[in-house]
């Protein structure tokens with residue numbers, strides 16, 4: 001069979017032999033991770049940040065992440081960077097969005113693929129590799145602000161949010177525009193990563209099983225509802241919540257003490273996938 005030739009008369013093999021990637025500008029590629037965990041009493045949402053040990057944004061808090069190696073996917077890079085900078089591994093990762101706004105990184109043309117990670121509890125972490133510190137912050141995300149705090153006033157980070165409407169073809173959608181309102185700030189455009197991640201999480205939460213990554217293998221219904229509520233940022237009606245999740249659960253056959261209310265309740269687990 002005769003090989004296909006392009007408009008210049010070249011076969012694919014001939015085209016690739018003459019192709020020079022350096023003739024075209026290429027971006028660097030990074031992966032960043034927004035990692036969330038419930039507080040120990042299930043009353044607050046925690047986010048993991050690292051303190052940058054090098055330029056740019058030296059000393060600023062940031063999401064864990066770094067450059068993708070040529071021999072790995074962005075998913076693999078996200079997991080590797082999370083482990084290298086914090087010591088955490090084998091966590092749930094879900095791709096959120098690709099951030100490519102010009103000027104987002106002062107080092108040059110850098111595109112980042114953001115991932116969301118969910119875990120059961122805020123495990124002990126330490127700053128490793130090029131991070132000088134790692135810490136869990138309380139995360140408050142509302143329609144008017146993003147507030148990050150770890151008990152140290154110097155590290156407190158706040159962004160005020162305004163709502164703007166954007167058009168995408170025939171559709172209009174609402175998004176948040178952040179404005180720094182504290183002396184400390186997040187590095188790069190990581191506040192926008194938080195916004196997009198939390199929006200996606202709240203949109204998917206009611207029809208996906210993502211919240212169970214925070215509940216552990218066995219859990220009580222009061223505790224599971226508390227996890228949904230801190231992720232959504234609002235209270236849920238008990239009857240409606242239990243109706244929504246009823247088909248996803250199975251009874252364990254034993255009872256355990258709920259974190260919420262400290263009462264003995266029936267234990268459940270997520271049904272195994274069919």
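What's the FRET efficiency of residue 15 with residue 271 using the Cβ-Cβ distance as r and R₀ = 51 Å, to the nearest 0.05?
For residue 15 and residue 271, the calculated efficiency is 0.50.
Nearest 10 degrees is fine. How inclined is helix 74-86 to the longest principal axis of the chain, computing both from alpha carbons?
60
Applying 1/(1 + (r/R0)^6) with R0 = 41 Å to the Cβ-Cβ distance of residue 203 and residue 89, what FRET efficiency is obtained, to the nearest 0.05? Walk me through the numbers on the way to the answer.
Working: r = 28 Å, r/R0 = 0.67.
For residue 203 and residue 89, the calculated efficiency is 0.90.
If packing is taken as the average count of other Cβ atoms within 10 Å, what order do 63-69, 234-240 fall into, highest mean first?
Result, highest mean Cβ count within 10 Å first: 63-69, 234-240.
How far apart, in nm, are two points set 7 Å out from the Cα along the Cα-to-Cβ line at residue 145 and at residue 257?
Between residue 145 and residue 257, the label points sit 3.5 nm apart.
Hey, got the Cα dimensions of the stretch 210-270 along the principal axes, in Å, largest first?
Principal-axis extents of the Cα atoms in the stretch 210-270, largest first: 30, 25, 22 Å.
What does the extension gain come out to for residue 250 and residue 124, with contour length at 0.36 nm per residue minus their alpha carbon separation?
Gain on stretching residue 250 to residue 124: 42.2 nm.
Only helical DSSP H runs with n ≥ 4 go in: add -39500 (n - 2.57) per run for the chain, normalise by residue count and round the 222 nm mean residue ellipticity to 500 deg cm²/dmol.
The helix-only estimate for the chain comes to -6000 deg cm²/dmol at 222 nm.
Rounded to two decimals, what is Rg over Rh for the stretch 167-239 when you use alpha-carbon atoms and the Kirkwood radius?
Numbers: Rg = 16.0 Å, Rh = 15.0 Å.
Reported Rg/Rh, Kirkwood definition of Rh: 1.07.
Could you sort 31-40, 92-101 so that the peptide with the highest average Cβ count within 10 Å comes first and the rest follow in order? Kindly include the intermediate steps, with their values, before the conclusion.
Working: 31-40: 22.8, 92-101: 15.8.
Ranked from most to least packed, the peptides come out as 31-40, 92-101.
What Kirkwood hydrodynamic radius, in Å, does the chain give when the mean of 1/r is taken over all pairs of distinct Cα atoms and then inverted?
Evaluated over the chain, this radius sits at 21.0 Å.
Spin-label point model (7 Å from Cα, Cβ direction): what's the residue 67 to residue 162 distance in nm?
Spacing of the two 7 Å Cα→Cβ label points: 3.7 nm.
Suppose R0 equals 30 Å. What FRET efficiency, 1/(1 + (r/R0)^6) with r the Cβ-Cβ distance, do residue 172 and residue 98 give to the nearest 0.05?
Working: r = 22 Å, r/R0 = 0.73.
Taking R0 as 30 Å, the efficiency between residue 172 and residue 98 is 0.85.
What whole number of Å gives the distance from the Cα centroid of the stretch 24-72 to the Cα centroid of the stretch 146-208?
Here the answer is 15 Å between Cα centres.
Within the stretch 119-157, which residues have the backbone N less than 11 Å from the label spot 7 Å out from residue 182 along Cα→beta-carbon, could you tell me?
Residues 137-140, 146-157 qualify, since their backbone N sits under 11 Å from the label point.
No value in this document is a laboratory result; all are computed from the given coordinates. Keep in mind it's a predicted model, so treat the numbers as computed, not measured. Please note: Cβ atoms are built from the backbone with ideal geometry, for glycine as well, and neighbour counts cover all protein chains shown.
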